[in-house]
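The next block holds one structure in the form of structure tokens; read it before the comments.
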Amino acid sequence: MATLSRFEDLKIWQESRLLNKCLFDLLLVQDDRKYGFLINHIFKTSGSIMDNIAEGFEREGNKEFIQFLSIAKGSAGELRSQIYRAMDLKLILEKDFDQLQSQLLSISSQISLFINYLKKSEFKGNKFKEPSLEYGDSTDLESFINPISD
């Protein structure tokens, strides 16, 4: 039976981390004197996705986790808007935009699926159940867990 004890095991967090690194690699070489405001905002927003997933998980209650996942999903939408501006300003190429857009749509979709899973779950969170965490049908939860690979 699968158990989830670390936010680092979540696919959505791992993919958000990869997206953050990808953006950093793409935009680090840019002249931040001219577009620093947008680049800085993009970095903050992409970090917000992974940070809200982590914070919600660490609060150990499904309702709070759902709330923070919703914030992370909102940040994914905000970031999609920002990368349009970055492409319009020629900070990123169209091919990079397409890749980022695809990653963001995937992350957003996965967050929605996870929110729906948590809403249907009878488990209310670690803070409401001691000492161990069991999720019932592991095949459902396993679709959200990914072993860490760096």
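Readers should treat all values here as calculations from the given coordinates under stated rules, not as data from a laboratory. Because the structure is predicted, anything quoted here is derived from the model rather than measured. So basically every Cβ, Gly included, is an ideal-geometry build from the backbone, and we count neighbours across all protein chains shown.
Some observations on this one:
- Taking only Cα atoms of the stretch 11-78, radius of gyration then Dmax in Å: 13.4, 43
- Listed cross-link partners K11/K63; K73/K119; K34/K73; K44/K119 are compared with a 18 Å cut-off, the Cα-Cα value being larger for K11/K63; K34/K73; K44/K119.
- Dipole magnitude for the stretch 7-142: about 480 debye, using +1 per Lys or Arg Cβ and -1 per Asp or Glu Cβ, origin at the Cα centre.
- The share of alpha-carbon pairs in the stretch 7-142 lying farther apart than 27 Å comes to 27%.
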